Amino acid sequence: MRPQSLFPLFAPLTALPGVGPRVGPLLEKLAGEHAVDLCWHLPTGIVDRRHAPHIADAEPGRIVTLTVTVERHLPGASRRHPYRVRCADDTGFLHLVFFHARRDYLEKLLPVGAERIVSGRVERFNAEIQMVHPDHVAAPDDLDAIQAVEPVYPLTAGVMPKVLRRAIRAALDRAPELPEWLDPAYQARQGWPAWKPALESAHAPADEADLAPSSPARARLAYDELLANQLALALVRRRQRRLSGRPIAPEGMLRAKAEAALPFALTGSQQTAGAEIRKDLASGDRMMRLLQGDVGSGKTVVALMAMLDAVEAGAQAALMAPTEILARQHFATISRLAAPAGVEVQLLTGREKGASRTGILEAIADGRARIVVGTHALFQDDVVFADLALAVVDEQHRFGVEQRVSLAAKGQRTHILVMTATPIPRTLTLTAYGDMDVSLLTEKPAGRKPVDTRVLPASRLEDVRAGVARALDRGTKVYWVCPLVEESEQSDLAAAEERHAELKAAFGPRVGLVHGRMKGRDKDAVMAAFAGGDIDLLVATTVIEVGVDVPAATVMVIEHAERFGLAQLHQLRGRIGRGSDASTCILLYTPPLGETARARLEVMRDTEDGFRIAEEDLRLRGAGEILGTRQSGMPTFRLADLAHHAELLAAARDDVNLILERDPDLSSPRGAALRTLLYLFERDAAVRYARSG
Ligand code: ADP
Ligand code: MG
């Protein structure tokens, strides 16, 4: 249960004074549903109102705070004309200008003869000085209403800055003093304030430096968030391990048979990863391992070897892919590779229906199905395994922690292997997979030629088309990726269809089209025709992004490459360069290029190293956006920015190791404070794990 002290922060926004039924939902969309979410909504700028000249010295264009006497109200000739209020000090006069003003309101706000403090931007209008819609108007004895330095918050349509500021202020007023969860020595070394003062000062920046991620208040809050993240993951990890695994340590005969039949030798990294996995499986602890390797590094074979061990030990193994196309491809590959070992593989996706589905479910339930490949359909309640010992999850960044846990729940003490392609920078790996061990495939399979990547303006389209014609004549297969259109899938599709029609007119029936709105079966048919049949030039939206394997494809054209993120470009390009022939990737862009887009394309041209690309991506975009966070399963941070706080993340991880070593049940006073921290960041489930220890 959430501690009482936090109740005020977890009240709905509408419980805050001044937040009614109209503004509430808008603020909720902006920040989140609880008061605490407004506390996490930090300012991104400041307005400095400290400049307080006389009217005669007020420079047009500048924000000033003036002390004036109200002289006269000058209502507009009609509603369309502005309402003006003439004010003066000893040095001159100015007009305050209001559009669509209510007279009675203004007469109350600015009574003739009264002294007022007004703050806003002054401008010159004809020969006069004026201030249109002052940001603040206050009586002299209410000076406090005007903050000398005002925080500026990211806004949302329909909410006035003043209203947002007031709501945030009200949320901050609900924040209690909380017991300190930081290690006192570390906190002192960093010079960080306590939590509440840190929160207050993050919302009250005095200058630009206070907005920097490295400012003591912001760094502290970021650290708190990272600490909660790392602690929660560590607790999950510990609990997963406590549910001890089942030792799987067969002789490895099936594995040996499959390996002997491979047309290639395993790379050193594949062997090392295989050995790490075997060690986990044999240990008696439950395996929670991440197999991380760039696109094309050969993760599938490594997973297959582990699955064959599980089968040889008499149990079942499952492999889950994020999409139908990938599941089918894995099914084809794994069936082929497992055949020499005499192991049959079953496929289960949302498309298996009726009697065939029933048959497959029976085979899974009675254990005849030894290896099952599928999509999310493997999660469904009616899928019951006889004895699932190993679950492999591919292209993990589409699955989150909860899904890992729910797949594991399908089997008693199921070992888990998660495969993921970069780009995931190391720092992000820690935040998303801090609950797992990591095996890395660092080498590419032998014989791969580097991809020659060229960056060309769209004006060279004709040359590119001619080059594609030559490539097709040589018998090469070509991907043509159509632009990503952010606003709608519809226009995405329109662009692809148009390009398809045009290329088909030029190259004939060997041109195919695949896109995300096609029916699964149609998609498969097109992919199959591209992999082995009549289609040589495949026009595609980004559906080919992940995992698809057609080694004969050695040319890729990407239109409007400037619209894609680095991670996505890298994934796309990873579809070529898979065979023994040299490959070419052409990135077409439409000028003018923004600075970031240019940097991205240069990175693509200069390197194929997924880790480097991932780090550059993090640098260029910031962690939040790196993988299209929401569906990615990657945690999103409100206060931490991994582009700036990577060191804090490492520190938080070390901190957590020490904490759990000294106080595994979080029962000390600091442990209790840490529980509060977990609740503060809504890691309630993790707290339960701590208790059950
Ligand atoms: P990814 O890591 O991107 O999932 P895959 O497992 O799909 O990569 O492997 C990519 C391609 O490399 C496949 O065609 C696979 O058969 C091949 N491959 C895997 N391991 C090796 C190896 N050691 N030597 C040569 N080719 C390999
Ligand atoms: Mg793969």
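The values are calculated or read from the model by the stated rules, or taken from the named source; none is laboratory data. In this text the structure is predicted, and so the values were computed from the model without any measurement. Methodologically, a virtual Cβ is constructed for each residue, glycine included, from the backbone with ideal geometry; neighbour enumeration extends over all protein chains shown. When the accessible area is computed, the model is the full protein with side chains, heavy atoms only, and any ligands, DNA or RNA have been set aside. Shrake-Rupley method; radii C 1.70, N 1.55, O 1.52, S 1.80 Å.
What Kirkwood radius, in Å to one decimal, follows from the Cα pairs of the chain? Mind showing how you got there, number by number?
Numbers: mean 1/r = 0.0342 Å⁻¹.
Here the Kirkwood hydrodynamic radius works out to 29.2 Å.
Just to confirm, what accessible area per residue do you get for the stretch 191-307 at 1.4 Å probe, in whole Å²?
35 Å²
If you add up the charges near Ile659, with Lys and Arg at +1 and Asp and Glu at -1, over every other residue whose beta carbon is less than 13 angstrom from its beta carbon, what do you get?
Details: positive: Arg238, Arg653, Arg662, Arg670, Arg675; negative: Asp183, Asp654, Asp655, Glu661, Asp663, Asp665.
Its environment carries a net charge of -1.
Determine, for each peptide in 185-196, 322-333, the mean count of other beta carbons within 10 angstrom over its residues, then list the peptides with the highest first. Can you show the working numbers first?
Details: 185-196: 14.1, 322-333: 20.8.
Result, highest mean first: 322-333, 185-196.
Residue farthest toward the positive end of the dipole of the stretch 50-147, with Cβ of Lys/Arg at +1 and Asp/Glu at -1: which of His81, Ile129, Gly61?
Of His81, Ile129, Gly61, it is His81.
From Cα pairs below 8 angstrom and at least 6 apart in sequence, can you work out the relative contact order of the stretch 451-625, rounded to a whole percent? Please list the in-between numbers first.
Details: 293 pairs, mean separation 52.0, N = 175.
Relative contact order comes out at 30 percent.
Hey, can you find the accessible area per residue of the stretch 451-625 for me, probe 1.4 Å, expressed in square angstrom?
Values: 7490 Å² over 175 residues.
Result: 43 Å² per residue.
Rank Leu348, Thr358, Leu42 by how far each Cα sits towards the positive end of the charge dipole of the chain (+1 on Lys, Arg Cβ; -1 on Asp, Glu Cβ) and give me just the farthest.
With unit charges placed on the Cβ atoms, the residue in question is Thr358.
Can you list residues from other chains, or at least 5 along the same chain, whose modelled amide H is less than 5 Å from the amide H of Val557?
Under 5 Å from the amide H of Val557: Tyr479, Trp480, Val481, Ile586.
Pull out a ≥ b ≥ c, the square roots of the eigenvalues of the alpha-carbon gyration tensor of the stretch 50-147, then state rounded if a/c is under 1.5, prolate if not and a/b is larger than b/c, and oblate in the remaining case. Before the final figure, lay out the partial values.
On the way: a/c = 1.61, a/b = 1.20, b/c = 1.34.
Judged from the Cα gyration tensor, the stretch 50-147 comes out oblate (a/c at least 1.5, b/c at or above a/b).
How many nm separate the modelled label positions at Arg619 and Glu462, each set 7 Å beyond the Cα in the direction of the Cβ?
If labels sit at Arg619 and Glu462, their model points lie 3.9 nm apart.
Report, for the chain, the % of DSSP beta bridges that are antiparallel, rounded to 5. Intermediate values should be presented prior to the final figure.
On the way: 31 of 85 bridges.
The antiparallel fraction comes to roughly 35 percent.
Could you report the accessible area of Phe264 in Å², rounded to 10, computed with a 1.4 Å probe on the protein chains as they sit in the structure?
100 Å²
Ignoring everything except DSSP H segments at least 4 long, calculate the 222 nm mean residue ellipticity for the chain; use -39,500 (n - 2.57) per segment, divide by total residues, nearest 500.
Numbers: 24 runs with 282 residues, N = 693.
Calculated from helices alone, the mean residue ellipticity at 222 nm is -12500 deg cm²/dmol.
In whole Å, what is the distance between the alpha-carbon centres of the stretch 270-286 and the stretch 180-199?
41 Å
Could you work out, for the stretch 451-625, what percent of all Cα-Cα pairs fall into each 10 Å distance bin, beginning at 0 Å and stopping at the bin that holds the largest distance?
Reading the bins upward from 0: 10, 40, 37, 12, 1.
Choose one of Phe7, Gln271, Leu304: the residue whose Cα lies farthest towards the positive end of the charge dipole of the chain (beta-carbon charges +1 Lys, Arg; -1 Asp, Glu; about the Cα centre).
Leu304
Take each of the peptides 309-315, 256-262, average the number of other beta-carbon atoms within 10 Å over its residues, and list them starting from the highest. Mind dumping the intermediate values first?
Numbers: 309-315: 22.1, 256-262: 15.4.
Packing order, densest peptide first, comes out as 309-315, 256-262.
Give me the percent of accessible area attributable to carbon and sulfur for the chain, probe 1.4 angstrom.
Numbers: 15390 of 30210 Å².
C and S fraction of accessible area: 51 percent.
For the stretch 118-230, what is the charge dipole size about the Cα centre, in debye to the nearest 20, if Lys and Arg each add +1 at the Cβ and Asp and Glu each add -1 at the Cβ? Write out the running numbers ahead of the final one.
Values: 11 positive and 17 negative charges, 55 e Å.
Approximately 260 debye in magnitude.
Dipole of the chain, Cα-centred, from +1 at each Lys and Arg C-beta and -1 at each Asp and Glu C-beta, to the nearest 20 debye? Before the final figure, lay out each step's value.
Details: 86 positive and 89 negative charges, 248 e Å.
Value, rounded to 20: 1200 debye.
How much solvent-accessible surface does Asp654 expose, in Å² to the nearest 10, with a 1.4 Å probe and all protein chains in place?
100 Å²
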